[in-house]
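Encoded as structure tokens, the structure appears first; notes follow it.
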Amino acid sequence: MSPISLNPDVALLLLTIGALAVCAEFLRPGTIIPGVLGCISLLFGFAALPQIRWQGALLSIVALALLALEAKYPSRHLLTAAGTVTLPLGALIMEPRIHLITAVLTTVPLAIVVSFLYNAAVRAHRNKSL
């Protein structure tokens with residue numbers, strides 16, 4: 001049993017907030033606070049889940065990688081759609097007690113925001129004048 005016994009839906013919310021904060025840190029390096037708060041949120045989120053199925057965690061990581069690849073290699077939003085569908089599925093596989101509605105309502109907005117941020121960062125980098 002985990003020392004922190006939380007509802008798995010709250011744990012998923014902590015994981016989502018942590019992933020978004022770490023993504024913000026990668027996009028704006030040097031702003032230390034989002035990275036630190038994101039790592040702490042991820043640690044508490046993983047600690048709140050008593051048993052993690054690592055297949056679901058890896059599937060969630062693959063989903064975030066698909067979203068990042070869409071920014072680098074535009075595929076008419078096919079990679080974004082695949083990442084958006086894969087992220088809640090990874091959450092459901094990672095912890096079966098998570099409710100489907102909670103998984104969709106937390107991970108789909110995360111996928112859309114991360115995809116938008118990555119695309120904006122890549123466009124800004126391309127339009128940067130030397």
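The values are calculated or read from the model by the stated rules, or taken from the named source; none is laboratory data. Keep in mind that this is a model prediction, so the values were computed, not measured. Heads up, the Cβs are rebuilt from the backbone with ideal geometry, glycines too, and the neighbour counts pull from every protein chain shown.
Taken together, the criteria exclude LEU117 from residues that are under 16 Å from THR16 (Cβ atoms) and modelled with pLDDT of 90 or more. Scan the stretch 1-37 for residues that are modelled with pLDDT of 85 or more and under 20 Å from LEU105 (Cβ atoms) and the total you get is 15.
Okay, residues lined up against (1) charged (D, E, K, R); (2) under 12 Å from the mean Cα position of the chain (by Cα):
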{"residue": "LEU6", "(1), (2)": "no, no"}
{"residue": "ALA11", "(1), (2)": "no, no"}
{"residue": "GLY18", "(1), (2)": "no, yes"}
{"residue": "VAL22", "(1), (2)": "no, yes"}
{"residue": "LEU49", "(1), (2)": "no, no"}
{"residue": "VAL62", "(1), (2)": "no, yes"}
{"residue": "LEU66", "(1), (2)": "no, yes"}
{"residue": "ALA71", "(1), (2)": "no, no"}
{"residue": "GLU95", "(1), (2)": "yes, no"}
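Per-residue answers, yes or no, for (1) at pLDDT 90 or above; (2) under 16 Å from GLY18 (Cβ atoms); (3) not β-branched (Val, Ile, Thr):
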| site | (1), (2), (3) |
| --- | --- |
| PHE44 | yes, yes, yes |
| GLN55 | yes, no, yes |
| PRO96 | no, no, yes |
| ILE112 | no, no, no |
| LYS128 | no, no, yes |
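No other residue among GLY90, GLY38 is within 15 Å of LEU20 (Cβ to Cβ) and either crowded, with 19+ Cβ neighbours inside 10 Å or in contact (Cβ under 8 Å) with a residue 12 or more places away in the chain (or both) apart from GLY38. Within the stretch 107-128, residues that are within 30 Å of PRO8 (Cβ to Cβ) reach partners that are among the acidic types (Asp, Glu) and part of a helix (DSSP H, G or I) with beta carbons closer than 8 Å, at six or more positions or on different chains, in the pairs SER115/GLU70; TYR118/GLU70.
Against the condition exposed (fewer than 14 other Cβ atoms within 10 Å of the Cβ), touching a Gly at 6+ places or on another chain (Cβ under 8 Å), among the aliphatic types (A, V, I, L, M) and over 14 Å from PRO8 (Cα atoms), how does LEU58 come out, does it pass? Yes. Listed by first and then second residue, the pairs with beta-carbon distance under 6 Å, at least 6 apart or on different chains, first residue in the stretch 13-27 and closer than 19 Å to ILE98 by Cα, second buried (at least 18 other Cβ atoms within 10 Å of the Cβ) and among the aliphatic types (A, V, I, L, M), are THR16/LEU110; GLY18/LEU42. Here VAL10 passes the criteria (1) more than 30 Å from ARG123 (Cβ to Cβ); (2) touching a residue at least 40 places away in the same chain (Cβ under 8 Å) except the one numbered (2).
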